[in-house]
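Okay, so here's the structure we're looking at.
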Amino acid sequence: MSLQFYTIEDLKKHTLKRKGEEKFGDSVGLANSWQGLEKSTAKYALLGIPEDVGIRANMGRAGAAKAWNSCLSALCNIQSNSYTNPSNTIIVGEVDCKDQQESACKLDINDPDYLTKIGNLVSQIDTKVSKVVAKIISAKKIPVIVGGGHNNSYGNIKAAATALKAPIHCINLDPHTDFRALEHRHSGNGFRYAMQEGYLEKYYILGLHKNYTSGEIFDTINTLKEKINYSFFEDYITGTPFKQMLEEAKNFCTDKPFGLELDMDAIQQMGSSAISPSGFSLVQARAYLCYFSKLKNCKYIHICEGAPPHEIHYNQVAKALSYLVSDVISNP
């Protein structure tokens, strides 16, 4: 099974009661089945991916598997009102990655076949994610996908292209390109695989860090200037207005259906797989999602790489995720 639907009892576990208040978890829609999703009038479908197999496969720090449940606990306890607009959202559940996650945790990193084995587990998750997200988009909903590594960009892009029967564009707020070599599947090459296989037509990276992009990757993406464009985070430091950076990305690839990706590594001091002392603020990340998610051609939103075990202070990742998600789903 690729998807674990939630029950009302599942949501109750995340929602704390308080006299005189109605919480988001009390009033948000719940799919229960694919038929329930199709019949819903909600615009957005909330989906979790509790895994960090792709991050492990990229030799990164695990922890992103815990982001979805943390987010859900925070989100269910925001207030239900006309501004948070819970009627605009239906919770689908989570992609079932349990077997792959458990298998990845048991692998011996010193095994000479480690990368092949863990890459195969990532590919299995790819298949699950692409099937689930494609069904959500085919049901005329906009998936809001939380948790896991950036390896899931591939499944999201493949799903949207499959459901729409055409390659899509993508915008990614990220210090990294995630356009590494076509080796075993991992969190650092999802966009490259998606473009190689014809699912991704144009790709814009907003806020790329010069210090963490190899010469080989620059050589590759600079030969694909009609398909790939980017701005540097350092452009912002030296005076380029953030709004101008948003507009440049918009002009490059929002004229056709596009996916919207946010890597939590892009946010300064955010608990994430590759936490950074330098980056955009959470306010700017929220502005990024607000700006692009309201555009008519936005077909999915993916917020990834948040890692509660690496957060700077208690509940940082959960609360940040709840703000980011609520900013999107409050769009009319």
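The values are calculated or read from the model by the stated rules, or taken from the named source; none is laboratory data. Note that this is a predicted model, so its numbers are computed, not measured. Neighbour counts run over all protein chains shown; Cβ positions are idealised from the backbone, glycine included.
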Original post:
Quick check: is even one residue across the stretch 100-122 touching a residue at least 40 places away in the same chain (Cβ under 8 Å), outside any helix (DSSP H, G or I) and charged (D, E, K, R)?
Top reply: no
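Could you say whether any residue in the stretch 87-94 is over 21 Å from the mean Cα position of the chain (by Cα), closer than 30 Å to ASP327 by Cα and not acidic (Asp, Glu)?
yes
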**OP:** Pairs only if they're at least six apart or on different chains, beta carbon under 9 angstrom, first in the stretch 306-321 and among the polar types (S, T, N, Q), second in a loop (DSSP other than H, G, I, E, B) and surrounded by fewer than 18 Cβ atoms within 10 Å (Cβ to Cβ); list them, first residue then second.
**Re:** GLN316/GLN269
Original post:
Can you name every residue in the stretch 247-300 that is more than 26 Å from ALA64 (Cβ to Cβ) and among the aliphatic types (A, V, I, L, M)?
Top reply: LEU295
Subject >> Residue count, the stretch 1-14 (criterion: part of a loop (DSSP other than H, G, I, E, B), out of contact with any helix residue (DSSP H, G or I) (no Cβ under 8 Å at 6 or more places or on another chain) and of a type outside the set (A, V, I, L, M, F, W, C)) >> reply: 3
Original post:
Name the residues in the stretch 177-199 that are within 16 Å of the chain's Cα centre (by Cα) and not in a loop (DSSP other than H, G, I, E, B), would you?
Top reply: GLY190, PHE191, ALA194
Original post:
Somewhere in the stretch 300-316, is a residue in contact with a strand residue (DSSP E or B) (Cβ under 6 Å, 6 or more places away or on another chain) and either surrounded by fewer than 22 Cβ atoms within 10 Å (Cβ to Cβ) or of a type in the set (Lys, Arg) (or both)?
Top reply: no
**OP:** Go through (1) outside any strand (DSSP E or B); (2) within 12 Å of THR177 (Cβ to Cβ); (3) not basic (Lys, Arg) and name the single condition LEU246 misses.
**Re:** (2)
Subject >> Residue count for the stretch 269-288, restricted to those that are β-branched (Val, Ile, Thr) and assigned to a loop (DSSP other than H, G, I, E, B) >> reply: 1
Subject >> Number of positions in the stretch 220-272 that are of a type in the set (Gly, Ala, Ser) and farther than 20 Å from LYS210 by Cβ >> reply: 2
**OP:** Scan the stretch 292-331 for residues that are touching a Lys or Arg at 6+ places or on another chain (Cβ under 8 Å) and not hydrophobic (A, V, I, L, M, F, W, C) and report the count.
**Re:** 7
Original post:
Does the stretch 160-171 contain at least one residue that is modelled with pLDDT under 95 and closer than 26 Å to LYS296 by Cα?
Top reply: no
**OP:** State which residue pairs qualify: first residue part of a loop (DSSP other than H, G, I, E, B) and inside the stretch 289-303, second residue polar (S, T, N, Q) and modelled with pLDDT under 95 in any location, beta carbons under 7 Å apart, and separation of 6 or more residues or different chains.
**Re:** LYS294/ASN331
**OP:** Could you please tell me which pairs satisfy a Cβ distance under 7 Å, a separation of 6+ or placement on different chains, a first residue in the stretch 220-247 that is over 20 Å from ALA287 (Cα atoms), and a second residue that is in a strand (DSSP E or B) and at pLDDT 95 or above?
**Re:** ILE221/ILE228; LYS227/GLU201; LYS227/LYS202; LYS227/TYR203; ILE228/TYR203; ASN229/TYR204
Original post:
Any residue at all in the stretch 207-220 that is surrounded by 18 or more Cβ atoms within 10 Å (Cβ to Cβ) and out of contact with any helix residue (DSSP H, G or I) (no Cβ under 8 Å at 6 or more places or on another chain)?
Top reply: yes
**OP:** Report yes if LYS131 is basic (Lys, Arg) and surrounded by 20 or more Cβ atoms within 10 Å (Cβ to Cβ), otherwise no.
**Re:** no
Subject >> Members of the stretch 206-243 found to be farther than 23 Å from CYS290 by Cα and part of a helix (DSSP H, G or I), listed by number >> reply: LYS210, ASN211, TYR212, GLY215, GLU216, ILE217, PHE218, ASP219, THR220, ILE221, ASN222
